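Student: Sharing a structure, written as structure tokens. Questions coming.
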Amino acid sequence: MKVMLIDDSKTMRNIQRSVLKQIGIEQVEEACDGQDALSKVGAFGPDLILVDWNMPNMDGLTFIKTFRKQNKTTPLIMVTTEAEKSRVIEAIKAGVNNYVVKPFTPDLLSQRINETMSKCAA
Amino acid sequence: MDASYITPFVKSIQNVFSTMLQLPVTVNDPQIKQGTTPSHDVSGIIGMSGDVVGTIILSFKTDAAESIVALFCGEKLESGSPDFADAVGELVNMVSGGAKAQFTDTKDVSISCPSVIVGKDHGVALPSDVPCVVIPCTTDCGEFVIEVAIREAGATAGAAANNASASA
């Protein structure tokens, strides 16, 4: 399985990468903001995308809206500090399949990844 | 500053450090910051805008910052490295985001991307119209403080200062 990590923090990308490694996912592409992700996502062809909300250049919500115009099916999980209900609803309306609030435990993130992939495969 | 703005930061600090670092934090009595005495080596800074405006600063001495970042990243990083600054920025981002989520049921508030200052004995000057509450924290990795200088967008400087005095 191929996963794209979109977060402006390298620390957070490293943490997420290590969680992915623990669940056997090693094909990972990283992007540091929405713009960077849009330039890489076509060539990489991820099976799952984890995307942060607050990033410079292009935020996660704008990325999702743009990406969903061309791709309706690739599962997207928002991983963000934005925990308000209104933000979660906004993200779901834009097209995310699941939502993880930072801070998170490795168990929670891997559980959300597994549940998202199961739902999207059904 | 509204006293109800302090508790969310206390809860958020403890949640971030226990969840991401497995590091318990003892939060000591908040105080009103007097002047801008330079006393920090590493500071992560986030701006807040919308219905609540101001600045959140997470400040450390170098030793404490390096120990905490090592725990967060799983490796020792020098305080001058970009990855070290990135980690400090992510910590203040999570603390601010977690606090914001607790007091914005009816408010629309955004946080900026973090900035990080690394430099021995620096101070961070804040706007004079917003009182700053300092929350001292103790961990097994050392001490740090979180400075919260926020107010409702419509509040006057006088009202914000009176509320801060009442809350500290």
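The values are calculated or read from the model by the stated rules, or taken from the named source; none is laboratory data. Because the structure is a prediction, the values reported are computed rather than measured. Positions of Cβ are backbone-derived with ideal geometry, glycine not excepted, and every protein chain shown enters the neighbour counts.
Student: Please go through (1) touching a helix residue (DSSP H, G or I) at 6+ places or on another chain (Cβ under 7 Å); (2) farther than 16 Å from residue B:150 by Cα; (3) assigned to a helix (DSSP H, G or I); (4) of a type in the set (Gly, Ala, Ser) for residue B:79 and return the number of the only condition it doesn't satisfy.
Tutor: The failed condition is (3).
Student: Based on what the data block shows, is residue B:43 within 21 Å of residue B:123 (Cα to Cα), in contact with a Ser or Thr (Cβ under 8 Å, 6 or more places away or on another chain) and hydroxyl-bearing (Ser, Thr, Tyr)?
Tutor: Answer is yes for this residue.
Here is a yes/no grid of residues against (1) outside any loop (DSSP other than H, G, I, E, B); (2) surrounded by 19 or more Cβ atoms within 10 Å (Cβ to Cβ); (3) more than 13 Å from the chain's Cα centre (by Cα):
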position: A:13; (1), (2), (3): yes, yes, no
position: A:24; (1), (2), (3): no, no, yes
position: A:29; (1), (2), (3): yes, no, no
position: A:46; (1), (2), (3): no, yes, no
position: A:69; (1), (2), (3): yes, no, yes
position: A:77; (1), (2), (3): yes, yes, no
position: A:82; (1), (2), (3): no, yes, yes
position: A:90; (1), (2), (3): yes, no, yes
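Student: Checking the structure you have, find out if any residue of the range B:72-94 is without any contact (Cβ under 8 Å) to a residue 60 or more places away in the chain, closer than 29 Å to residue B:154 by Cβ and surrounded by 21 or more Cβ atoms within 10 Å (Cβ to Cβ).
Tutor: yes
Student: Scanning for something under 14 Å from the mean Cα position of the chain (by Cα), more than 23 Å from residue B:141 (Cβ to Cβ) and surrounded by 23 or more Cβ atoms within 10 Å (Cβ to Cβ), does the range B:29-41 turn up at least one residue?
Tutor: No - not one qualifying residue is present in the range B:29-41.
Student: Further, regarding this structure: Return only the number of the condition from (1) under 21 Å from residue B:26 (Cβ atoms); (2) within 14 Å of chain A (Cβ to nearest Cβ) that residue B:61 does not satisfy.
Tutor: So residue B:61 meets the others, but not (2).
Student: Residues in the range A:3-15: is at least one more than 14 Å from chain B (Cβ to nearest Cβ) and either more than 26 Å from residue B:91 (Cα to Cα) or at pLDDT below 95 (or both)?
Tutor: no
Student: Which condition does residue A:53 not pass, out of (1) assigned to a loop (DSSP other than H, G, I, E, B); (2) within 14 Å of chain B (Cβ to nearest Cβ); (3) without any contact (Cβ under 8 Å) to a residue 24 or more places away in the chain, if it passes all the others?
Tutor: Residue A:53 satisfies all of (1) assigned to a loop (DSSP other than H, G, I, E, B); (2) within 14 Å of chain B (Cβ to nearest Cβ); (3) without any contact (Cβ under 8 Å) to a residue 24 or more places away in the chain except (3).
Student: Give me a count of the residues in the range A:78-118 that are farther than 15 Å from residue A:65 by Cβ and out of contact with any strand residue (DSSP E or B) (no Cβ under 8 Å at 6 or more places or on another chain).
Tutor: So the answer is 11.
Student: Restricting to the range B:120-138, give me the number of residues that are assigned to a loop (DSSP other than H, G, I, E, B) and hydrophobic (A, V, I, L, M, F, W, C).
Tutor: Count: 5.
Student: For the range B:80-103, state whether one or more residues are more than 12 Å from every other protein chain (Cβ to nearest Cβ) and more than 16 Å from the chain's Cα centre (by Cα).
Tutor: For the range B:80-103, residues more than 12 Å from every other protein chain (Cβ to nearest Cβ) and more than 16 Å from the chain's Cα centre (by Cα): present.
Student: A follow-up question, please. Take the residues in the range B:104-136 that are of a type in the set (A, V, I, L, M) and at the interface with chain A (Cβ under 10 Å from one of its Cβ atoms); name whichever of them is surrounded by the most Cβ atoms within 10 Å (Cβ to Cβ).
Tutor: B:111
Student: List every residue pair whose Cβ atoms sit under 9 Å apart, with the two residues 6 or more apart in sequence or on different chains, where the first one lies in the range B:3-23 and is within 9 Å of chain A (Cβ to nearest Cβ) and the second, anywhere, is of a type in the set (Lys, Arg) and surrounded by fewer than 22 Cβ atoms within 10 Å (Cβ to Cβ).
Tutor: Note: no pairs meet the criteria.
Student: Somewhere in the range A:101-114, is a residue surrounded by fewer than 15 Cβ atoms within 10 Å (Cβ to Cβ) and not in a helix (DSSP H, G or I)?
Tutor: yes
Student: List the pairs whose first member sits in the range B:39-50 and is without any contact (Cβ under 8 Å) to a residue 24 or more places away in the chain and acidic (Asp, Glu), whose second member is crowded, with 20+ Cβ neighbours inside 10 Å and assigned to a strand (DSSP E or B), and whose Cβ atoms are under 9 Å apart, counting only residues at least 6 apart or on separate chains?
Tutor: none
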